[in-house]
Amino acid sequence: MSIRVGVAGLGHWGPNLARNFAELAELTWLCDSDQGKSEFASRYAQARWTASFDEMLADPELDAVVIATPVPTHFDLARRALTAGKHVLVEKPPAMLGSEMEELVALAQDRDLVLMPGHLLLYHPGVRRLKEMIGAGELGEVLCVYGNRQNLGIIRSNENALWSLGVHDLSVILHLLDEDPEQTIALGRDFLTDGVEDVVFCYLRFPSGKIAHMHLSWLDPHKMRKITVVGTEKMVVFDDMELERKVTVYEKAPWRPSDRYGEWQTRTGDIFSPRISSDEPLKLECLEFLRLVSGEGDRRKVAEDGARVVRALDLLTSSLRGS
Ligand SMILES: NC(=O)c1ccc[n+]([C@@H]2O[C@H](COP(=O)([O-])OP(=O)(O)OC[C@H]3O[C@@H](n4cnc5c(N)ncnc54)[C@H](O)[C@@H]3O)[C@@H](O)[C@H]2O)c1
């Protein structure tokens, strides 16, 4: 049976979600509070247009709602959709406070509904490869992970670099390590707009002893979207700026203490890039949502993993603000 989906928010990102759900499911509603977006909606003859989120929710035939509105609206819209009994795919982050996210997770679990945050990178075939390599023990024991997400621009005035850029790296780091951090430190500065940090450095330490770091900035000469994982046997880099070599594996590792001066010897082998599928990550994300709605997979885990990301963002924000 085809799943009936409604998309709310038809700004920059929502149309990409609408395109995918029109192909993969039954796109029955398009919604935006801006009446001007009704013109876009006319491209999808099978979908009804509304400027009222509540009108869309009132359709008893609608199975699922996709929310691609501005971040401050996510919590309220997701809560209303879950309360109306709809499965929810909500853009990242679903809430701006850990307590709000817990409320959404509880609501979804009580009603056995899917609550999936749109953490796009988790569906990137390159990140999936990293997760597989770690799971299969190919890197040995993972020691540390760090993310670089830097560029000159886009300079935002509402979300800071932690929430705008860091949410991507954080979702990947927590997915790869599958632990909640026990220590979170963030340092940054709001150079251009008061209260909106443009440059943020984050440090996380996990109960297993693993550590992670993120350098997040839109005031930087380098355009970097990179995640590096250091293991005791191998090291691996996911570089989203690379067209073909998205993943590079370095057979480099510490080896053994040498007899001289107590220094360690290191081991260096091949450096290679496995083939990574060029499937569109957003299409894979939408397919995963539909799979969960249809009853396959672990719908509780995807919501709990999303809560872990918001909790960590919350803790990093408190550290950034010095509380
Ligand atoms: N996963 C990704 O890679 C990715 C990329 C871009 C944006 N996003 C996310 O997508 C979301 C939207 O971003 P954008 O750049 O498209 O924003 P945008 O401002 O371009 O569009 C948001 C749209 O939502 C509409 N809207 C606002 N409140 C509404 C409401 N209550 N009901 C219905 N419509 C409402 C606005 O009229 C607007 O058309 C954000 O959460 C952003 O973080 C994710």
Query raised in the report: Using the alpha-carbon atoms, what tilt in degrees (0 to 90, nearest 10) does helix 281-293 show relative to the longest principal axis of the chain?
Result: 60
Report task. Take the alpha carbon gyration tensor of segment 60-180, find the square roots of its eigenvalues, order them as a ≥ b ≥ c, and report rounded if a/c is under 1.5; if not, report prolate when a/b exceeds b/c, else oblate. Result -> oblate
Requested in this report: In nm, give the distance between the simple-model label positions of GLU61 and GLU138, each being 7 Å from the Cα along the Cα-to-Cβ direction.
Outcome: 4.7
Query raised in the report: Using +1 on the beta carbon of Lys and Arg, -1 on that of Asp and Glu, and nothing else charged, what's the dipole of the chain about the Cα centre, debye to 20?
Result: 660
Report summary line: Projected onto their principal axes, the Cα atoms of the chain stretch, largest extent first, over whole-Å spans of 75, 45, 38
Query raised in the report: Based on DSSP H runs of at least 4 residues, each adding -39500 (n - 2.57), what is the mean residue ellipticity at 222 nm of the chain after dividing by all its residues, to the nearest 500 deg cm²/dmol?
Result: -10000 deg cm²/dmol
Report summary line: Among GLN150, GLY295, VAL65, the residue whose Cα sits farthest towards the positive end of the charge dipole of the chain (+1 at Cβ of Lys and Arg, -1 at Cβ of Asp and Glu, taken about the Cα centre) is GLN150
**Report entry** Two-site label geometry, ASN16 and ASP180: point separation in nm, points 7 Å out along Cα→Cβ
**Finding:** 3.1
Query - Anisotropy class of segment 122-278 from Cα gyration tensor, a/c 1.5 cut - result: prolate
Query raised in the report: Which one of HIS87, TRP264, TYR250 is farthest out on the positive end of the charge dipole of the chain, using unit charges on Cβ (Lys, Arg +1; Asp, Glu -1) and the Cα centre as origin?
Result: TRP264
Query raised in the report: What is the packing order of peptides 96-105, 275-284, 117-126, taking the mean over residues of other C-beta atoms within 10 Å and listing the highest first?
Result: 117-126, 96-105, 275-284
Requested in this report: Could you tell me which of the pairs LYS223/LYS246; LYS131/LYS301; LYS210/LYS252; LYS86/LYS301; LYS131/LYS223 are separated by over 22 angstrom between their Cα atoms in the structure shown?
Outcome: LYS131/LYS223
Report summary line: Karplus ³J(HN,Hα) for segment 131-144 (6.51 cos²θ - 1.76 cosθ + 1.60, θ = phi - 60°; Hz, whole; x = Gly/Pro) runs 4, 4, 4, 5, x, 7, x, 5, 8, x, 8, 6, 9, 8
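Every number here is computed from the coordinates shown, using simple stated rules; none is lab data. Owing to the predicted nature of the structure, the values given are computational and were not obtained by experimental measurement. Here Cβ is always computed from backbone atoms with ideal geometry, including for glycine, and neighbour counts include all displayed protein chains.
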